[in-house]
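First up is the structure itself, then whatever we jot down about it.
The values are calculated or read from the model by the stated rules, or taken from the named source; none is laboratory data. It should be emphasised that the depicted structure is a prediction, and the values quoted were computed from it without experimental measurement. Virtual Cβ from ideal backbone geometry, glycine too; neighbours counted across all protein chains shown.
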Amino acid sequence: MSYPVRIFVLIAIVAGLAWWAPWRQFTEAVALPPGFEGYNGSHYRVARPAGWRPQQGSDDLGHRYMEFNGPATRDGAYSGQARVAEWEQWPHELETKLVQFRSSAQKSGQRVVKEEPVVVKGAVSAYRFELSQRSRTATGASVSLRSIDTFALTEDQVLLQLTVRVPQGDEGDDGRVPEILKSFQARSERRGPFDLLPDIKFPELKLT
């Protein structure tokens, strides 16, 4: 094997290792607020109160989500709940999902209190809704819920939705919502050697 070919093979191996699964993990440490634990998903990370139990699942279309549920209140609602859903290879702009969400919220009786674009680290665009609604729990009680939904689209077209929901009133864990929202990050994009060196011309391989 000639020297140029060896160099080419070596660079290809390094590139393959750079694009292997570990590069998808976050490289910066995050200081967690007291009483919080961190969770790293495939395309995101988020902090949640230590007492909120994790539960993984998927919707009817197979889209994955991770849910964290706080202790139950006397009415049967969770004192707080956070859920991160993800859509890989989202084929549209972020605005398409926002239009769908507004329509769905209206049909389900949710009232949009506030909406605005936000910054989510690692995302190319992000948007947040704050909503209120009344919901009936497993005990039959009717409770008023505050819901904050953050949508984030990454450079590689992964769509993320963080939903934080708390009952309004004394039993809701409303004080921890800001820390959860602040901790939410999309996966940072890391590039391999071929992206860092776009102008290199590799030698042609001649078969004899």
### Message
It is to be established whether one or more residues within the range 95-117 are out of contact with any Lys or Arg (no Cβ under 7 Å at 6 or more places or on another chain), crowded, with 18+ Cβ neighbours inside 10 Å, at pLDDT below 95 and among the polar types (S, T, N, Q).
### Response
yes
### Query
Which members of the range 40-59 meet the condition of being surrounded by 18 or more Cβ atoms within 10 Å (Cβ to Cβ), among the aliphatic types (A, V, I, L, M) and either at pLDDT below 90 or touching a Gly at 6+ places or on another chain (Cβ under 6 Å) (or both)?
ALA47
### Message
Can you pull out every residue in the range 147-170 that is among the charged types (D, E, K, R) and either within 16 Å of MET66 (Cα to Cα) or modelled with pLDDT of 95 or more (or both)?
### Response
ASP149, ARG165
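Check the range 171-179 and report whether any residue there is buried (at least 20 other Cβ atoms within 10 Å of the Cβ) and at pLDDT 95 or above.
Narrowing the range 171-179 to residues buried (at least 20 other Cβ atoms within 10 Å of the Cβ): 172-173, 176.
Cutting the leftovers down to at pLDDT 95 or above gives us none.
Within the range 171-179 (the criterion being buried (at least 20 other Cβ atoms within 10 Å of the Cβ) and at pLDDT 95 or above), the answer is no, since none of the residues qualifies.
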### Task
Considering each of GLY62, GLY70 in turn, give the residue that is at pLDDT 90 or above and not charged (D, E, K, R).
GLY70
### Query
Quick one: in the range 180-199, which of the residues that are at pLDDT below 65 and basic (Lys, Arg) is farthest from VAL118 (Cα to Cα)?
ARG191
### Query
Across the range 115-155, what is the number of residues that are touching a strand residue (DSSP E or B) at 6+ places or on another chain (Cβ under 8 Å), of a type in the set (Val, Ile, Thr) and either more than 21 Å from TRP87 (Cα to Cα) or in contact (Cβ under 8 Å) with a residue 40 or more places away in the chain (or both)?
4
### Task
Determine whether the range 124-142 contains at least one residue that is aliphatic (A, V, I, L, M), surrounded by 17 or more Cβ atoms within 10 Å (Cβ to Cβ) and part of a strand (DSSP E or B).
yes
### Near pairs, Cβ below 7 angstrom, 6+ apart or cross-chain, from the range 49-68 (touching a residue at least 40 places away in the same chain (Cβ under 8 Å)) to any residue that is part of a strand (DSSP E or B) and surrounded by 14 or more Cβ atoms within 10 Å (Cβ to Cβ)
PRO49/PHE36
